[in-house]
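A.B. asks: Have a look at the structure that comes next, please.
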């Protein structure tokens with residue numbers, strides 16, 4: 001009987017005379033309810049709707065990330081995002097065996113990084129939900145990204161400047177903005193080069209369908225829960241948009257927009273580093289991705305210069321020439 005009722009609700013939703021984005025939001029909520037059960041969903045809703053914020057959060061913009069064996073890259077990622085306006089980082093260490101803590105120690109001591117051990121498989125969204133629960137009243141906007149993803153303003157000098165401009169453009173609070181990837185590949189590099197990732201891997205693909213994926217910056221007060229690394233489940237009526245201010249929902253924005261802001265996604269780096277990435281496994285499922293052969297031009301037929309304006313200051317922060 002339960003399955004039959006669920007079938008009727010799901011099928012009926014398709015025929016309700018609502019805008020496509022609203023239908024997608026309903027579909028995402030129903031999918032989440034199906035996966036966790038109505039009791040858990042109502043508990044999430046109660047926590048979200050009944051929570052009270054007496055004042056504006058002290059932190060305007062923060063980032064949450066779950067990390068496994070990313071020590072060689074995390075300082076560049078931190079310093080870049082500090083340059084573009086991120087105030088605090090919530091780092092969940094997922095069974096790293098490298099020197100991650102030692103690299104982060106100075107940031108932890110300065111309280112720029114809040115560090116938490118978070119062992120176990122398939123824990124990405126669980127870590128994100130933990131961050132939402134504990135930071136709902138501390139942080140206004142939270143980005144949920146990986147260490148190989150760099151949120152890069154194009155028309156702006158910082159992410160807060162972009163958010164405030166977009167809010168003014170749509171004349172409405174932003175509950176979530178989905179920012180498209182630009183996929184960066186091997187750049188003809190078989191082995192790991194010296195220097196910065198964002199300088200060594202400028203070549204990318206503007207045309208790959210993978211770029212339709214987004215990662216989200218969300219107003220935590222609007223978030224009920226998160227069960228997908230690309231988007232959240234929001235309160236009814238939440239304003240979820242793409243980087244140009246158009247309504248959207250879910251993990252994709254198609255066609256992708258690269259005008260105002262992008263996420264430069266250094267997905268492979270060199271082939272040597274790509275092999276290490278595959279061996280680390282994934283944070284959402286237990287199965288590993290299959291290895292691709294070394295194709296030097298993979299995700300590398302175009303070139304992106306969006307990081308260049310940040311490179312001089314980033315190199316100073318990294319002590320590079």
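The values are calculated or read from the model by the stated rules, or taken from the named source; none is laboratory data. Remember, predicted model here, so these are calculated numbers, not experimental data. Positions of Cβ are backbone-derived with ideal geometry, glycine not excepted, and every protein chain shown enters the neighbour counts.
A.B. asks: Going by the structure shown, is residue 244 out of contact with any strand residue (DSSP E or B) (no Cβ under 6 Å at 6 or more places or on another chain), under 17 Å from residue 151 (Cβ atoms) and outside any strand (DSSP E or B)?
C.D. replies: In short, yes.
A.B. asks: Taking residue 217 and the conditions (1) assigned to a loop (DSSP other than H, G, I, E, B); (2) in contact with a helix residue (DSSP H, G or I) (Cβ under 9 Å, 6 or more places away or on another chain), which numbered condition does it fall short on, given that it satisfies the others?
C.D. replies: (1)
A.B. asks: Something else: If you go through region 290-300 one residue at a time, do you hit one that is modelled with pLDDT of 95 or more, surrounded by fewer than 18 Cβ atoms within 10 Å (Cβ to Cβ) and touching a strand residue (DSSP E or B) at 6+ places or on another chain (Cβ under 9 Å)?
C.D. replies: Yes.
A.B. asks: Spot the failing condition for residue 238; the list is (1) in contact with a helix residue (DSSP H, G or I) (Cβ under 7 Å, 6 or more places away or on another chain); (2) farther than 19 Å from residue 174 by Cβ, and only one is missed.
C.D. replies: Checking residue 238 against (1) in contact with a helix residue (DSSP H, G or I) (Cβ under 7 Å, 6 or more places away or on another chain); (2) farther than 19 Å from residue 174 by Cβ, the one that fails is (2).
A.B. asks: Looking at region 302-311, is at least one residue under 30 Å from residue 51 (Cβ atoms), touching a residue at least 12 places away in the same chain (Cβ under 8 Å) and either in contact with a strand residue (DSSP E or B) (Cβ under 9 Å, 6 or more places away or on another chain) or in a strand (DSSP E or B) (or both)?
C.D. replies: There is no residue in region 302-311 that is under 30 Å from residue 51 (Cβ atoms), touching a residue at least 12 places away in the same chain (Cβ under 8 Å) and either in contact with a strand residue (DSSP E or B) (Cβ under 9 Å, 6 or more places away or on another chain) or in a strand (DSSP E or B) (or both).
A.B. asks: In addition: Among the numbered criteria (1) more than 30 Å from residue 137 (Cα to Cα); (2) assigned to a strand (DSSP E or B), which single criterion is violated by residue 257?
C.D. replies: Checking residue 257 against (1) more than 30 Å from residue 137 (Cα to Cα); (2) assigned to a strand (DSSP E or B), the one that fails is (2).
A.B. asks: Give the residues of region 18-61 that are part of a helix (DSSP H, G or I) and within 17 Å of residue 132 (Cα to Cα), sorted by residue number.
C.D. replies: Within region 18-61, 32, 40, 41, 42, 43, 44, 45, 46, 47, 48, 49, 50 qualify.
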